[in-house]
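Input: a single structure, listed below in structure tokens.
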Amino acid sequence: MNLIKLAFKSIRHRSFATSATVFSVALSLLLLFTVERVRRSVEASFTQTVSGVDLLVGARTGSLQLVLFSVFNIGQITNNVSYESYEKIQKHPDVEWTIPISLGDGHKGYRVVATDDNFFEHYQVRSAEHIKIAEGEKFKTTNDVVLGAEVAEVLKYKLGAKVILAHGSTSGDSFDEHANHPFTVVGIMQPTGTAVDRSLYITLAGMDEMHDEHDEHGEEGHEHHHEGEREEITSFFVKLKTKTKILSMQREITETKEEALLAVIPAAVLSDLWKSLSQIEFVLKLISALVMVVGLVGMVIALMTSLNERRREMAILRSLGASFSHLAQLVLLEVCLILGLAVIVSAVFKVTLEIIFTDYVAKKFGLFLTGSSFSSMDVTMMAATFIVGLIFALGPVLIFKNKSLKDGLAVK
């Protein structure tokens, strides 16, 4: 108990140096917390860009290519899926619902997605969040368009604005616009932090009608639209009635003879893709760990400086009968108090910053801080900070031991 009181008094006596050390270690630990929190949120946003579906079906191509194009609109798909095959799978007794996706048009660098009401009813992100309309309503007619949050913010569109779509994912103005079929903005979605925010959504019938009118004026259109009949879509999501049927259904679709189709489990593909990016994650963690080491080294330097200034104090304690083990315990106890304060301060900073900036980060960067504030990794980092800090503190303690044997009461 006397050692604890002495340690507190010693820390109070050097309040400025102690505060600087605590603040330095706390900031280092806060950086580690931040990197881990951002990593978890980015991984959740990426791997759960689409959730609540069991299969993604498209023309036979690479699994990653199909997911990237259908979910993120990255790359190109050379073939589509016949609407006949889509309807056949849609009516399969094991299928609960489907979400058709038809791509190929764009607007000022953003993709246009043609789909149906099932998209708003069943499409989910981050495991359990359905698509929500922030302003207006979902599309009802072939002239309606619903905007992703980023599209509305960047292009400054409001409800009632007229939008001219164009063939292909365009950037800026396009010479191949569907000017004869303008769309009216009827809804703007809430931010999701996923590719949904960067898309415009219309009905399948609206896309058919737009291309039919485009063809009627003798302009180049999509060859798969003819006389108002839908012949093809790009891909579609499938939700099964029971999870046990996923693999058998995937095999059944992939092995169908009528058409070369591919069925993939999007969550598995996205998870594998994220793992392939683990080197970037490792670099971020390494940088954060180096910052923490710098913070702990600063603590050690401050401790050594303190011990050098306290040599007379330690010599007096030795003369009063204190053994080296008692003095070593005193020093290590001070280190524990400093590290404990640093951990508490960093945790308070972390929670406070999350409360203040969660909404801002979500709206500005589309990054949703999901899950608990502290993960098992955060707890591990706290424990590691304690352990590494104590190990670092052993050096000054051993140096002090050698000097204390030479020091008398007359310390120069």
Within segment 32-68, residues closer than 25 Å to Thr78 by Cα, surrounded by fewer than 19 Cβ atoms within 10 Å (Cβ to Cβ) and within 10 Å of the chain's Cα centre (by Cα) come out as Phe46
In segment 373-389, residue nearest to Val25 (Cα to Cα) [restricted to those that are among the polar types (S, T, N, Q) and in a helix (DSSP H, G or I)]
Thr385
Which one is modelled with the highest pLDDT among residues in segment 7-16 that are part of a helix (DSSP H, G or I) and surrounded by 16 or more Cβ atoms within 10 Å (Cβ to Cβ)?
Ile11
Could you list, ordered by first residue, the pairs with Cβ atoms under 9 Å in which the first is in segment 362-386 and among the charged types (D, E, K, R) and the second is modelled with pLDDT of 75 or more and assigned to a loop (DSSP other than H, G, I, E, B), at least 6 apart or interchain?
Lys363/Pro191
Residue under question is Phe139, and the condition is that it be modelled with pLDDT under 90, among the aromatic types (Phe, Trp, Tyr) and assigned by TED's automatic domain parsing to the domain that holds Val185; does it hold?
no
Out of all the residues in segment 270-283, is one or more at pLDDT below 70 and basic (Lys, Arg)?
no
Return yes or no: is Arg198 surrounded by 17 or more Cβ atoms within 10 Å (Cβ to Cβ) and either of a type outside the set (S, T, N, Q) or modelled with pLDDT of 90 or more (or both)?
yes
May I ask you to say which residue of Lys162, Lys91 is without any contact (Cβ under 8 Å) to a residue 60 or more places away in the chain, loosely packed, with under 15 Cβ neighbours inside 10 Å and over 15 Å from Phe237 (Cα atoms)?
Lys162
Filter segment 240-271 down to the residues that are in contact with a helix residue (DSSP H, G or I) (Cβ under 8 Å, 6 or more places away or on another chain) and part of a helix (DSSP H, G or I), then identify the one that is farthest from Val50 (Cα to Cα).
Ile253
Looking at segment 181-205, I want the residues that are over 24 Å from Val38 (Cβ atoms) and have a partner that is among the polar types (S, T, N, Q) and surrounded by fewer than 20 Cβ atoms within 10 Å (Cβ to Cβ) with Cβ atoms under 6 Å, at least 6 apart or on another chain. Which pairs are those?
Phe183/Asn143; Thr184/Asn143; Thr203/Thr142; Ala205/Thr142
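The values are calculated or read from the model by the stated rules, or taken from the named source; none is laboratory data. Keep in mind the model is a prediction, meaning the values are calculated, not measured. Counting neighbours? That spans all protein chains shown, and the Cβs are built from the backbone with ideal geometry, glycine included.
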